[in-house]
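Presented below is the structure to which this report refers.
The values are calculated or read from the model by the stated rules, or taken from the named source; none is laboratory data. Given the structure is predicted, the values throughout are model-derived calculations rather than measurements. Positions of Cβ are generated from backbone atoms using ideal geometry, with glycine treated the same way; all protein chains shown enter the neighbour counts.
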Amino acid sequence: MTTGIGNPVKRKEDRRFTTGRGRYTDDVRNDNQAYAAFVRSPHAHARVKSIDTKAALAMEGVIDVLNGKQLTGDGIGNLICGWAISSKDGSPMNMGAWSALATEKVRYVGDAVAVVIAETQALARIAAEAVEVDYETLPVAASLTAAMAKGAPQIHDNAPGNLIYDWGLGDEAAADAGLKAAKHVTTLDLTNNRLSPNPMEPRSAVASYDAAEEHYTLYTTSQNPHVARLVLSAFYNVAPEHKLRVIAPDVGGGFGSKIYIYPEEITCLWASMKTNRSVKWTSDRSEAFLTDMHGRDHVTTAQMGFDENGKITGFKVDTIANLGAYMSLFSSSVPTYLYAPLMSGQYDIQNIYCNVRAVYTNTVPVDAYRGAGRPEAAYLVERMMETAARELNMDPAELRRRNFVQSFPHQTPVLMAYDAGDFPKLLDMAQKSADVAGFPARKAEAAKRGKLRGLGYSTFIEACGLAPSKAAGSLGAGVGLWESAEVRVNPVGSIEVLTGSHSHGQGHETTFAQIVAERFDIPVENVSIVHGDTDKVQFGMGTYGSRSAPVGMSAVVKAMDKVEAKVKKIAAHALEASEDDLVIEGGAVKVKGTDKQMLWHEVGLAAYTAHNLPDGMEPGLKETAFFDPVNFSFPSGAFICEVEVDPDTGVTEIVQFVAADDFGTIINPMIVEGQVHGGVAQGIGQAMMEQVVYDDNGQLLTGSYMDYTMPRAADLPFYKVSHQVTPSPNNPLGVKGCGEAGAIGAPPAVINAITDAIGNNHLNMPATAHAVWQAIRAGKSAMAAE
Amino acid sequence: MELTGEYRIAAPRQQVWEALNDAEVLQACIPGCQELEKTSDTEMLAKVTLKIGPVKATFGGEVELVNIDAPKSYTIQGEGKGGIAGFAKGSADVVLAEDGDDTILTYNASAEVGGKLAQLGNRLIQSTARKLAAAFFDNFHERLNQSTPEDA
């Protein structure tokens, strides 16, 4: 079978995507379609004194103008953060109130205060401009420094000093003792730059209220439509779950930014009921920059201690995380449980302590973005290792090897139990692929051309397959993180798989079909994957955290186990054979060692005609399963980046990029390679180009592609991608997840390479030509001063 | 954003001062000014259309004269709202010094923009502001020359 597991099957969904036949939320057009435009604050912090809607309402074609007082008056609840984090002193996190339309105060530029519903999108936008909002501006805290300063403006009344929580993980005394006992301590101050997610398709929502049925339908750009329905129903009181259908049709990329429930969906649903019209809103790119949840934004100081043999004796981390003006849905978990438990990296470190303070600022909220917490951890750990190696005059690969975890499972002091891996072998593979042995000659040759050549490593680990529900619950998660699946064998033998995972670029319609094709030995064309509709799929927790393969596919496998058991019972009965003698292959159920068989579709038909089933068996052939993982999965990687820097201009070229990954079992190597390419591109974007900038007044200065640099093809090298397979023992397929690795592993490899080239460890992302040039100058003057 | 400049105007200080306090003169000289209405001796309502980079908007706002030390100096400050384009606010300290028959006008201005103006136009604000200031003083100079034909 050439379409089963391990084959580079071409993506089934690409035919419609590449011929313009994808159906996205904005393509939905209802008979009574009206359009929404939001009136947004131009101020980062202000009191809303009054909203004058007269001029807007007077315009022909304007249906209504609605505000936050009406919204809260109708009982629509505040937006919430679904992961409760407690401070070290036991106090709960300080979650400030967040209404979908601001009532008293606006807290970031772009905060919505009113919505115009009109007959056309253009008219709605023009009318939104005619809404007069009277603001009383307040002092602004747009940066961590400003928000944490004495006497800083208070953004939420219930968060004194703008502090959301002061949290810690690990054993502080042990980490201190480890550092004290160290022969050498490496200290670094790092920032993890703030990023804008920029999926190709902007966010959109189409909400319709059916007054006859008192029922809502929401089309939305979501990575997790069931979670959206649950939250909209249980917390925002928009409608009870059985009166709300959420559909996430084709979605053009998410990278985390479409996990959350945003004010716009809530407002559109409510407005559809208020106006009795279908209400559509689609973000434009400017609005996306202003209102899509941002990623990263950490400031960290860390110390790592080493003994005389280069073994790590202790690691202590102090991080401040900017969560923006409000706590988005999963924001609290990103700098805590998705970050600190990764501090052990690929290394056997006994003494770790990580302290994290989360802080409000007058900026758009910050939440998960491709990797979510794990890129921040990998960046820190891998820059520490490389810097330490330089300070210890050791080969950075050798320092890593001396500290690698050697046996599995491995329990770290920060919650995680690593499942499987072979870190030394993975690094061997990467070094060979990168021809590290030939690097000195390449460096010398580059020097002749006046270029500084550098090489940097990143040997990182991630925790994917979110997540064991019981463990997540004990750490504060508001939901379970299992996944569900239904496998329907139709009377003609074709198969539909209903999954709670959601595909928005990952290629699930192909890879999920491949595992079914493998199991029942039928062509992938006979399998279709149904996802993204709460009326079709029983339930699901959606796609993020590289969980679709380890969790979503595992649910499908469990359901297939049940289907197979029933298929064998039906066939054994019809063929008068023992179930144990049956094999499923070549499109049939066969009795081993005989020519007796039932064709696959004959089994399907038998199940539905029910003319000849074993006594007591229910007709039909469809099975449902829920899979709750027993552990995270732990993909690991060894990346090696090689750069050439022009010392006169700081212009840096990535001349080689090697990515050796261990994702466990690989379902479709072509899709996995694509995921690595995309992830590495985003990682290089973070390392060298991307940076969200607010001015001191909280005005977004990087509000368009003129000022926010995304990586383009010409900025990126050809990647050398390779794989090692150590299957995860914690799920039936042995998969680990591959969606985030590139974005997690690439930034430290790039910065380690550039700092190697320029001989100065003090360089923050993004390493633009200007920043590199300054670091070269600073390095020279530091040396001159010594 | 800070902006400073100096102009030599071929008119006596008193005349320059009066022109700087004359709503009609100001309206004619401020680039894109559609309305300027005096609401008191020191307050005016203004409507100005501006284009900064890709953003074009009409700003409505109040202008106020403070720190008046006639005929030597004042501070002109204002705040304008441009709807979805955002807002602009700023102030300028204007000082008039006599130099023979001429007047030396110096100004020291600061401005702040928000909303779409900042999001899309921030790179262009400094150069646009400089251009607008130059246009204003060119217009102002020309206007004063017109109103003093005896000097011609």
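Please verify whether residue A:69 is assigned to a strand (DSSP E or B) and more than 29 Å from the chain's Cα centre (by Cα), treating the condition exactly as stated.
no
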*Those residues that are surrounded by fewer than 14 Cβ atoms within 10 Å (Cβ to Cβ) and among the hydrophobic types (A, V, I, L, M, F, W, C), I need them from region A:418-447; list them, please.*
A:437, A:441, A:444, A:447
*Which one of these is assigned by TED's automatic domain parsing to the domain that holds residue A:417 and out of contact with any Ser or Thr (no Cβ under 8 Å at 6 or more places or on another chain): A:781, A:728?*
A:781
*Exclusive hit being among the β-branched types (Val, Ile, Thr), within 14 Å of chain B (Cβ to nearest Cβ) and buried (at least 21 other Cβ atoms within 10 Å of the Cβ), set A:115, A:62*: A:115
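Conditions tested, residue by residue: (1) buried (at least 24 other Cβ atoms within 10 Å of the Cβ); (2) of a type outside the set (A, V, I, L, M); (3) more than 29 Å from residue A:692 (Cβ to Cβ).
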site: A:253; (1), (2), (3): no, yes, no
site: A:258; (1), (2), (3): yes, yes, no
site: A:271; (1), (2), (3): yes, no, yes
site: A:288; (1), (2), (3): no, no, no
site: A:301; (1), (2), (3): no, yes, no
site: A:309; (1), (2), (3): no, yes, yes
*Can you pull out the residues in region A:55-91 that are farther than 30 Å from residue A:355 by Cβ and out of contact with any strand residue (DSSP E or B) (no Cβ under 8 Å at 6 or more places or on another chain)?*
A:58, A:60, A:69, A:70, A:71, A:72, A:73, A:74, A:75, A:76, A:77
*Answer yes if at least one residue in region A:664-675 is surrounded by fewer than 17 Cβ atoms within 10 Å (Cβ to Cβ) and away from chain B (no Cβ under 14 Å), and no otherwise.*
yes
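Sort through B:63, B:113, B:55 and tell me the only one that's surrounded by 15 or more Cβ atoms within 10 Å (Cβ to Cβ) and within 11 Å of the chain's Cα centre (by Cα).
Values: B:113 fails: within 11 Å of the chain's Cα centre (by Cα); B:55 fails: within 11 Å of the chain's Cα centre (by Cα).
Unique residue meeting the criteria: B:63.
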*For residue A:80, work out the one condition from (1) outside any loop (DSSP other than H, G, I, E, B); (2) touching a residue at least 12 places away in the same chain (Cβ under 8 Å); (3) not small (Gly, Ala, Ser) it doesn't fulfil.*
(1)
_Out of everything in region A:706-733 that is within 14 Å of another protein chain (Cβ to nearest Cβ) and over 22 Å from the mean Cα position of the chain (by Cα), what residue ends up being nearest to residue A:420 (Cα to Cα)?_
A:707
_For region A:405-449, which positions are under 18 Å from residue A:659 (Cα atoms), in contact (Cβ under 8 Å) with a residue 40 or more places away in the chain and not in a helix (DSSP H, G or I)?_
A:421, A:422, A:434
*Collect the residues in region A:118-141 that are away from chain B (no Cβ under 12 Å), touching a His at 6+ places or on another chain (Cβ under 8 Å) and within 10 Å of residue A:43 (Cβ to Cβ), keeping them in residue-number order.*
A:138
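Do the conditions hold for residue B:132, that is, is it in a helix (DSSP H, G or I), surrounded by 15 or more Cβ atoms within 10 Å (Cβ to Cβ) and more than 14 Å from every other protein chain (Cβ to nearest Cβ)?
yes
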*Within the bounds of region A:678-698, is there any residue that is assigned to a loop (DSSP other than H, G, I, E, B), surrounded by 24 or more Cβ atoms within 10 Å (Cβ to Cβ) and within 14 Å of chain B (Cβ to nearest Cβ)?*
yes
*Determine which single condition residue A:529 fails, assuming it passes every other condition in (1) out of contact with any strand residue (DSSP E or B) (no Cβ under 9 Å at 6 or more places or on another chain); (2) in a strand (DSSP E or B).*
(1)
*Any idea which residue in region A:431-466 is nearest to the chain's Cα centre (by Cα), counting only those that are small (Gly, Ala, Ser) and at positive phi?*
A:465
*What is the number of the single condition among (1) surrounded by fewer than 21 Cβ atoms within 10 Å (Cβ to Cβ); (2) under 22 Å from residue A:633 (Cα atoms) that residue A:508 does not meet?*
(1)
*Go over the candidates A:558, A:536, A:566, A:562 one by one and state the one that is over 25 Å from residue A:247 (Cβ atoms), within 27 Å of the chain's Cα centre (by Cα) and charged (D, E, K, R).*
A:558
*asked:* Six or more apart or on different chains, Cβ atoms under 8 Å: show the pairs whose first residue is in region B:68-95 and more than 10 Å from every other protein chain (Cβ to nearest Cβ) and whose second is part of a strand (DSSP E or B) and of a type in the set (Lys, Arg).
replied: B:77/B:89; B:78/B:89; B:80/B:89
_For region A:19-42, give me each residue that is within 14 Å of another protein chain (Cβ to nearest Cβ) and of a type in the set (Ser, Thr, Tyr)._
A:41
